[in-house]
Amino acid sequence: MTPSPEDVTRLLLDWGNGNVAALEQLTPLVYEELRRLAHQHMNRERRDHTLQTSALINEAFLRLTQQREMHWQNRAQFFSIASRLMRRVLIDYARARQFQKRGGGAKQVSLSEAAYVSQERAEELVALDEALNTLAGFDERKSKVVEMRFFGGMSVEETAAALDVSTNTVKRDWSTAKAWLYRRIKKQAQAHQIDFS
């Protein structure tokens with residue numbers, strides 16, 4: 001049985017007010033949606049990605065439960081934050097892998113292997129994260145729209161409800177943000193000679 005948004009929201013509010021039992025009741029109700037979000041994130045990764053979907057879910061959920069002073073508003077906000085945390089997990093993982101490939105692991109590779117490594121998905125993810133952080137610096141709402149739509153897989157309507165704006169505003173923000181991010185990432189790629197095609 002699919003839990004109603006009202007049930008999830010009630011449990012989130014109870015959990016936010018310090019009721020630990022509410023978290024225990026909430027966990028099985030949100031797990032399938034967290035799994036769906038994790039699959040969406042992992043589908044954008046390399047096929048040979050070494051991080052498993054279950055590990056992504058577990059790490060994101062652990063980070064969710066460690067949120068202090070969080071005042072949950074509704075399920076859309078919860079899943080938006082869960083998606084953002086999954087993105088952070090993947091970016092942290094990508095940065096750690098880049099560190100290893102840049103000498104942290106001190107493994108020698110051939111020039112052709114190094115060329116392949118420089119084109120891996122990790123660099124794309126880090127570039128997108130940097131561009132999103134820049135966008136958030138001057139237009140936080142557009143950044144949130146991208147996080148909810150692209151990373152969270154939320155519909156226009158769900159995003160509008162979570163941000164308390166109209167669906168037309170979400171559509172405009174989504175279109176503008178995608179164009180801005182494309183230009184920004186392309187500019188970064190040219191500056192660092194990264195091929196994002």
Which of the residues belonging to the stretch 1-35 are within 22 Å of Met86 (Cβ to Cβ), surrounded by 14 or more Cβ atoms within 10 Å (Cβ to Cβ) and touching a residue at least 40 places away in the same chain (Cβ under 8 Å)? Val8, Thr9, Leu12, Trp15, Gly16, Leu23, Val30, Glu33, Leu34
With respect to Val117, determine if the residue is assigned to a helix (DSSP H, G or I), closer than 18 Å to His41 by Cα and modelled with pLDDT under 90. no
Hey, among the residues in the stretch 140-177 that are part of a loop (DSSP other than H, G, I, E, B) and touching a residue at least 24 places away in the same chain (Cβ under 8 Å), which one's farthest from Arg75 (Cα to Cα)? Val165
The stretch 65-92 residues that are assigned to a loop (DSSP other than H, G, I, E, B), paired with ones that are buried (at least 21 other Cβ atoms within 10 Å of the Cβ) and of a type in the set (Gly, Ala, Ser) (beta carbon under 9 Å, 6 or more apart): Gln73/Ala162; Asn74/Ala162
Of all residues in the stretch 150-168 being modelled with pLDDT of 85 or more and buried (at least 20 other Cβ atoms within 10 Å of the Cβ), the one that is farthest from the chain's Cα centre (by Cα): Ala160
Checking Asp48 against (1) part of a loop (DSSP other than H, G, I, E, B); (2) modelled with pLDDT of 85 or more, the condition it does not meet: (2)
Matching residues in the stretch 62-80 (closer than 17 Å to Asp14 by Cβ, surrounded by 16 or more Cβ atoms within 10 Å (Cβ to Cβ) and among the aliphatic types (A, V, I, L, M)) number 1
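The values are calculated or read from the model by the stated rules, or taken from the named source; none is laboratory data. All figures in this text were calculated on a predicted structure; none of them were measured in a lab. Note that each Cβ is placed from the backbone with ideal geometry, even for glycine, and that neighbours are counted across all protein chains shown.
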